[in-house]
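Down below is the structure, laid out as structure tokens.
The values are calculated or read from the model by the stated rules, or taken from the named source; none is laboratory data. Owing to the predicted nature of the structure, the values given are computational and were not obtained by experimental measurement. Please note: Cβ atoms are built from the backbone with ideal geometry, for glycine as well, and neighbour counts cover all protein chains shown. Remember, those area values only see protein heavy atoms, side chains included, never the ligands or the DNA or RNA. Shrake-Rupley method; radii C 1.70, N 1.55, O 1.52, S 1.80 Å.
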Amino acid sequence: MVHNPNMQVDYPNLKISKNGWFSYRRRIPQGMQWLYDDRTEYKVSFKTKSKNEAIKKWHEEERRWESTKALALNHDRSSLAELEQLAEVMRQSWSMTDSDLESMSDQQRGDVEVEASSVLQDLLLDEGQRDEDYKAGPKQTSPSRPIGRDARELALAGIAGLSHLKPAAAFIDVLDFYLKEVAPTKRDEVTRVKFMSATKSIFDKVGGLLPLGLATDVITLASSDSDRERLRLGVRRLWANGSTRRRNLVAMKAAIKKWNEFHQEQLPENLFNGYVSKDEITEDSKERRSFTPEEYDLFFANVASNISDEEVSLFLGLMAETGARNNEVTSLELKDVKPNAEPPHVIFRGNKIRGLSKHGLERAVPISKETAARLVRFVGSDSSRSPLFPKYSDQSKGSKLSDLCSSQIVNLRTDDERLLSPYSLRHTFTDKLRKVGAREDIAQYIIGHKTDGSSRVHDRYGTAVPPKELAKTVAKARETKEWGHLIFSCCLTIIMRLSRPTPVQRTQL
């Protein structure tokens, strides 16, 4: 490329040579020269003739300069003793022993300013980049700003001669490394973002139980019996359900294991062992069951009486009419809702909100015209948004939604140990399909259960407008009032069928 000598460079301190090479040059004020080996000029060759590339590097140098300038304003050459004192505090918080410090040579401790002039710049730039990654949002790998590891503290470490020593691994370091190593291996962008969000959420919740949050040193905490016991009790309160606790702690264990694969400093992989007993798993992994017709009617009567949120009501209505999984319904996008088609239907498939489960099947399922009309009213003129459900498309609010809906369920079969939950609507719809004589392969297709039969149905119908016979099957299932083979005592059966249950009085939500 031929250099244009008349090229305009409108960025201060960005220089261009006669041959077209870009560089960064600026005078170093006297108050900052101690950070630059007593030099009076700072110069960096960008080793490029591309103006666009040079401008990117110029921004990096400007951020580097401003960080160094801020440090110089707070600490000059005369405050070196103060810096060393602060670094000593940091040394203790990083679990360095006195012998570690004593092992340094006198020459090393005497030449700290020379060492800092080069090390300081890299430390500040690294921290600045992590800040930029954090501000860029969830698609970046860096999970959050390092707590207690700001640029000033790292600079103090360099100035005090500790820059060659790495701090003990904190939980934030383990999380950061885990996401950087594992997130890129996910099969698609939706799965990657979901993995990062879920993992960060788990770490944040555990961090709330730690002495210094996620800045807590892993090894120091593991060596304290009292801290470990407090953590164990806190985790049990945080996730009372044993299955949920075990599932979430898998991420903590996996992150520590991944750290140990790549670092000489080994962290205790048994830190989160013994948090869940086999009895708890057995107790919390009870089989779910369908609603009885009486429980079904009572549940929706309670929802109508006590929950005024149309988003919640529509969520439950779609579950009841399609037999879809909870997260398949909350992850619907507007483009997958076809209320004006014939017949009206919704399409369940992977999208930017959430990918389909590996056991899920992409499918189109008819809905009633009444529900279609409600959807049109619910969306109204807000047709520009992507998710159908603005509030509950956020997967982190799934537990809150489930708890809200579960609060309206009344178990009329107290002798049945199986669980009754909003997910029971899926089991109930399956029973309804069986009751109306739906073919097994059609029923499996409608509820999205991937089998050889349902996959053949998908190959035939895909996600186009469902055929009339499919709509008729769904309509029959939706309208049936009896399903399954439910075992009641004779007295209870007579009482329930003679008297329709009335909504339970509850506090208005």
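In the set (1) part of a helix (DSSP H, G or I); (2) of a type in the set (Ser, Thr, Tyr); (3) in contact with a helix residue (DSSP H, G or I) (Cβ under 7 Å, 6 or more places away or on another chain), residue 383 fails one condition alone, (1).
For residue 365, the conditions (1) touching a strand residue (DSSP E or B) at 6+ places or on another chain (Cβ under 7 Å); (2) part of a loop (DSSP other than H, G, I, E, B) all hold with the exception of (2).
Listed by position, the helices (runs of 4 or more DSSP H) enclosed by region 391-509 that each have at least 1 residues that are at pLDDT 90 or above and within 19 Å of residue 287 (Cα to Cα) are 398-406, 424-435, 440-447. Inspect all residues belonging to region 246-268 and state whether any of them is of a type in the set (A, V, I, L, M), closer than 25 Å to residue 398 by Cα, open to solvent by 40 Å² or more (accessible area, probe 1.4 Å) and in a loop (DSSP other than H, G, I, E, B). Looking through region 246-268, none of the residues is of a type in the set (A, V, I, L, M), closer than 25 Å to residue 398 by Cα, open to solvent by 40 Å² or more (accessible area, probe 1.4 Å) and in a loop (DSSP other than H, G, I, E, B). When the residues of region 203-223 are filtered to those that are more than 20 Å from the chain's Cα centre (by Cα) and assigned to a helix (DSSP H, G or I), the one that is surrounded by the most Cβ atoms within 10 Å (Cβ to Cβ) is 218. Evaluating residue 49 against the criteria (1) open to solvent by 80 Å² or more (accessible area, probe 1.4 Å); (2) more than 41 Å from the chain's Cα centre (by Cα) leaves one unmet condition, (1). For residue 431, the stated conditions do not hold, so it cannot be described as open to solvent by less than 50 Å² (accessible area, probe 1.4 Å) and over 35 Å from the mean Cα position of the chain (by Cα).
Scanning region 168-202 for residues that are outside any helix (DSSP H, G or I) and open to solvent by 40 Å² or more (accessible area, probe 1.4 Å) turns up 186, 187, 188.
Restricting 342, 287, 310, 328 to residues that are surrounded by fewer than 21 Cβ atoms within 10 Å (Cβ to Cβ) and under 28 Å from residue 195 (Cα atoms) narrows the list to 287.
The residue that is farthest from residue 460 (Cα to Cα), counting only those in region 326-362 that are touching a Leu at 6+ places or on another chain (Cβ under 7 Å) and assigned to a strand (DSSP E or B), is 333. Candidates are the residues of region 363-389 that are within 23 Å of residue 193 (Cβ to Cβ) and modelled with pLDDT of 90 or more; the one that is surrounded by the most Cβ atoms within 10 Å (Cβ to Cβ) is 388. Taking the condition aliphatic (A, V, I, L, M) and at pLDDT below 90, does residue 254 pass? Criteria not met by residue 254. Taking the condition of being in a helix (DSSP H, G or I), of a type in the set (A, V, I, L, M) and crowded, with 16+ Cβ neighbours inside 10 Å, how many residues in region 295-307 meet it? Qualifying residue count for the region: 3.
Summed over region 312-325, the residues that are under 23 Å from the mean Cα position of the chain (by Cα) and either part of a helix (DSSP H, G or I) or without any contact (Cβ under 8 Å) to a residue 40 or more places away in the chain (or both) give a count of 2. Considering region 47-81, and only residues there that are modelled with pLDDT under 55 and part of a helix (DSSP H, G or I), the residue that is farthest from residue 18 (Cα to Cα) turns out to be 81.
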